[in-house]
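Student: The structure under discussion is supplied below as structure tokens; questions concerning it will follow.
The values are calculated or read from the model by the stated rules, or taken from the named source; none is laboratory data. Predicted model, so just to flag it, every value in this text is computed and none were measured. Note that we place each Cβ from the backbone using ideal geometry, even for glycine, and neighbour counts take in every protein chain shown. Ligands, DNA and RNA are excluded from the accessible area calculation, which covers all protein heavy atoms including side chains. Shrake-Rupley method; radii C 1.70, N 1.55, O 1.52, S 1.80 Å.
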Amino acid sequence: MLLLIMPDEQIKLFMTQKSPFSLPKREMNQFRIAESTPKLTNLEPEFEESTLHESTRCSCAATDPNKIMAAETEQHPSKRVFINNLDQYTSKYIGKFLASCVVGASDVSEQVQDEPANESSSQESVYQIVGTISGKTEDKSSFAVEEYTNLTREDLFRHLMESDVVVYNVYNERTDQIEEASWAVSALHKDIDAFPRPKTFILISSVMTWALTKTLDPDDPEIRLTEWDYRRRKPHGNFKDQAAVEKLVVKLGKSNQSQFSTYVVASGLQYGMGEQAFHFFFKTAWLGEEREVPIFGDGSNIVPAIHIRDLAGIVQNVIDHTDAQYFLAVDESQNTIADIISAIAVALGPGKTQNVPKEDVFLTEELTQAEIDHLFVNLQMEAIFLTDNFTINWVSKKGIVENIDHVVEEYKLTRGLLPVRICLLGPPAVGKSTVAEKICKHYKLHHVKLDETIVETLANLESRVHVEEAENKAEDESRGTRELLETLTKDLERNGGRLDEQYVLQIMKDKLKTKACRNQGFVLDGFPTSYDQAKELFCAEDDQARDVRSKIPPYDKETVPEFVFSLDATDEFLEERVLNLPESVAQGTSHSVEKYFPRLAAFRKNNSEDETVLKYFDELEIHPERIEINNDDVENVLVMEKVMESVGKARNYGPTTKDLEEELRQVEIRLKEKEAAHQAEAKRRKEEEEQRAQQHEEWIRCLEEERRQEEALLMAESTPLRHYLMTSVLPTVIRGCLEICELRPDDPFEFLAEYLLKNKPEVQSNTPA
């Protein structure tokens, strides 16, 4: 920036002696600053004052930092900062950063900023963060004083008027936020006279408003664009609205800068913390579901980028002090998108990338159109002004590739993507593998079994040998892989299909150190089986720091399990379980009768000694939890409840869209099956009721028929008797009754008896019995 205060004669001499396009890049940029902004050469007093201010700050650095901060606190009262969409990535981290800073802290030299004084310790000199949120949320942010949602324009304007600083983020926001930012700056500018105190308006925009800008020299495309080229910028077709708001903000800030100062910060692709621009690649690498992380297109485009905390530091500097209106917020890197994705793949994932057709990016549901546009931008930019004038405690000045380890660690911690490491121990046939599968499914962990890991290792070695031979790699490179494969194969043949313990431990060590196990975590199934195995498997590496004062044996913190569960059951229960296994299942396995009982006896013996694998974990203060297995918990529901109570919530992304769709499909299938079963049961009951009704009707009909038949039989049997009575008895009895009616004797029964004896008819001998 020294050329800005050079006399005009020196500039002309400099221009005549050396062609600007032949200058080194840094000199070229500085020369273009002087050439493209001649008015700045007439502002020497202003720059001298700025230089004086710089020297004053440098001299202050030698004084007591506490006194400096006390003076700064007196000069800068607290400020109310309004930020839109506080629950979104960019706004959230800018707000969180400012809330932890003292007003005017960026005016203090870096030596003082390194002190804890930069943290807000007094309510009189801090940034009070307020702002809108995009939707309803149960948890209020910890850094915001007030949060607003669903505001009317009238209420929004009132909050803007109450604020000292207004920050509108339109970097990657919806159209409504771009329109709102335009309205906000216009409404504030219209009401300048009503300001109780000066206001600052900062627009966080995107370098996509520069996407189609060409360098001054087409023959030298490596010449970088700087802030001083902002009048020549040409936006991407999808970012013309942002460019229009940028122009409006710059224009409205020129009329009355003492009362209403406006600034534009054109941000590069933002990374860091939980990630935004590159989140798709971070997630793909972390999940490890793809063998190679995709690079869309050839990946040769240079991507301007900025760490989100560095962007927040730039905003802090803009608030505290600045004379310019337009800033580029990019780090010093000139990384291509291929460089960035490769660094992510190596640090977090499989380490391999694959160039895929550019059009495939549109098949990726997780990427929005704005994010896709950002990934294909190709700009070489240099933020000269902020480098020379701002005091920034850079987090990633050299870019994401140079600081990938720190960025990856931030990404994991911010998103809570921490591995869950579990070890399941117990006697044979207790159900370790069944429980391990349930744990892996719930927590999305990797199931590490000894036999499967050995088979996987041998298969990988064979594959590597074939690939190296096909690619005609150097003999030295392929010899090591081939020799290891031959060694393991010979050892298996020599030991009847088993490996020596030294090879087993090394294979298991390598497995636990794979990116998959280090990212998501694992469930170690039934291994190690002894104290010595555990000590060797989890021993600390030579390069790992050791605490000589600690009584705990040194161990590898990246592979040792956090949780150890010891499943146990009575011998009677285990024996009954094995004996009840179908012969087809147990035959030829370790659960066959001839193999199982010796294994169970050996397990009990090993765990009755002084040095057991459980004791090893106790020495590390990782106390195993014992879980009893019995017949009352056939589905291991109680076991899983105890495990989840100890382990807690999952530390991963949770179910993906595909997982949710599959789970929904399974739920629908279960509902359909349940509905079909219900309908089948209803049909069965209806058929049973109909059958019972038919049977009842048939029973009634049969009963009625039987009664009718009985009556007919009785009638048939009583016919001779009725005939006998009608012909032999009843006529005489009836005449006797008629006589009684006529004579009316005193004793009618005696009269009737005498009448019957006197008038007894002649009875034939063949009377019925």
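Student: Would you kindly derive the ³J(HN,Hα) couplings of region 198-205 from the backbone phi angles with the Karplus curve 6.51 cos²θ - 1.76 cosθ + 1.60 (θ = phi - 60°), listing them in order in whole Hz, with x for Gly and Pro?
Tutor: x, 10, 10, 10, 10, 9, 8, 10
Student: Which order do peptides 345-352, 193-200 fall in by mean Cβ count within 10 Å, highest first?
Tutor: Put in order of decreasing packing, that is 345-352, 193-200.
Student: In the structure shown, do any of 444/658; 513/649; 557/595 have a Cα-Cα gap over 26 Å, and if so which?
Tutor: Long pairs (Cα-Cα over 26 Å): 557/595.
Student: Using a Förster distance of 56 angstrom, determine the FRET efficiency expected from the C-beta separation of residue 759 and residue 707, and round it to 0.05.
Tutor: 0.85
Student: How big is D for region 155-228, in µm² s⁻¹ as a whole number, if Stokes-Einstein is applied with the Kirkwood radius of its Cα pairs at 20 °C and 1.002 mPa s?
Tutor: 145 µm²/s
Student: When ligands, DNA and RNA are left out and all protein chains stay put, how many square angstrom of accessible area per residue does region 420-652 have with a 1.4 Å probe?
Tutor: Per-residue accessible area for region 420-652 comes out at 58 Å².
Student: Then there's this: Can you send over the carbon and sulfur percentage of the accessible area for region 420-652, probe radius 1.4 Å, protein chains only?
Tutor: 48 percent
Student: Next up: Please list, by residue number, every one of the GluC sites (Glu not before Pro) in region 186-284 that is coil in DSSP and has at most 16 other beta-carbon atoms within 10 Å.
Tutor: Passing both the DSSP loop test and the Cβ count: 222.
Student: Measuring from label point to label point, each 7 Å out along Cα→Cβ, what is the residue 197 to residue 146 span in nm?
Tutor: Taking the two extended label points, one gets 1.5 nm.
Student: Relative contact order for region 262-406: what percent, with Cα pairs under 8 Å and sequence separation of 6 or more?
Tutor: 37 percent
Student: Next question. Straight-line reach only, C-alpha to C-alpha below 15 angstrom: list the aspartates and glutamates that residue 240 could link to, leaving out same-chain residues fewer than 8 apart.
Tutor: Of all the aspartates and glutamates, those that pass the test against residue 240 - Cα under 15 Å, at least 8 places apart if same chain - are 173, 176, 179, 373.
Student: Mind checking the full-extension length gain between residue 398 and residue 186? Use 0.36 nm per residue of separation minus the Cα-Cα distance, one decimal, nm.
Tutor: Extra length from residue 398 to residue 186 when fully extended: 72.6 nm.
Student: At residue 605 and residue 716, where each label point lies 7 Å from the Cα along Cα→Cβ, what is the point-to-point distance in nanometres?
Tutor: The two pseudo-label positions are separated by 9.1 nm.
Student: Have a look at region 569-647 and give its Rg and Dmax from the Cα atoms, expressed in angstrom.
Tutor: 15.4, 43
Student: Just round it to a whole percent: the fraction of Cα-Cα distances in region 659-759 exceeding 20 Å.
Tutor: 72 percent
Student: Between residue 332 and residue 467, what is the label-point separation in nm under the 7 Å Cα-to-beta-carbon projection?
Tutor: Result: 3.6 nm between the two label points.
Student: Next question. Rounded to the nearest 0.05, what FRET efficiency do residue 672 and residue 632 give with R0 = 41 Å and r taken as the Cβ-Cβ distance? Could you check?
Tutor: Plugging the Cβ-Cβ distance into 1/(1 + (r/R0)^6) gives 0.80.
Student: Could I ask something else about it? Over region 171-309, with the other protein chains present, what is the accessible area per residue in square angstrom, probe 1.4 angstrom?
Tutor: Each residue of region 171-309 exposes 41 Å² on average to a 1.4 Å probe.
Student: Another question, if that's okay. Show me the ranking of peptides 516-524, 629-637, 303-311 by mean Cβ neighbours inside 10 Å, starting with the highest.
Tutor: Final packing ranking: 303-311, 516-524, 629-637.
Student: Sort 503-511, 659-667 by the packing proxy (mean of other Cβ within 10 Å over each peptide's residues), most packed first.
Tutor: With the highest mean Cβ count within 10 Å placed first, the list reads 503-511, 659-667.
Student: What is the Cα coordinate range of region 420-652 on the first, second and third principal axes, sorted by size from largest, in whole angstrom?
Tutor: The Cα atoms of region 420-652 stretch 61, 52, 37 Å along their principal axes.
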